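The values are calculated or read from the model by the stated rules, or taken from the named source; none is laboratory data. All values reported here derive from a predicted model rather than from experimental measurement. Quick reminder, even Gly has a Cβ in these numbers, built from the backbone with ideal geometry, and neighbours come from all protein chains shown.
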Amino acid sequence: MTGSYELCILIDGIVKRYPTAMVELNTPYFSGRTKVLCMDNSVQDIIIGNIPGASGVYLNLVNTKATVTPNKVDSTQSLNT
């Protein structure tokens, strides 16, 4: 542990303060020495974010924004009742 703390914004928007440490990592996504935040109950053992030297899976994101097109109503059509 380094004795210092840093703030982290979690996925639900909550900001928490965590102690930091310097560690040596050797993973497919990052290798080297880096400062980390130490969490008691993280969802994974290691979460690698946007740090210099990190590589990752880059997805071709598709625009999933829904669009609504109003239906045109033809006033000459009659309703069958």
Taking the stated definitions as given, is V36 in a strand (DSSP E or B), at pLDDT 85 or above, within 21 Å of the chain's Cα centre (by Cα) and of a type outside the set (S, T, Y)? yes
At pLDDT below 75, out of contact with any helix residue (DSSP H, G or I) (no Cβ under 8 Å at 6 or more places or on another chain) and either β-branched (V, I, T) or surrounded by 10 or more Cβ atoms within 10 Å (Cβ to Cβ) (or both): does that describe T76? yes
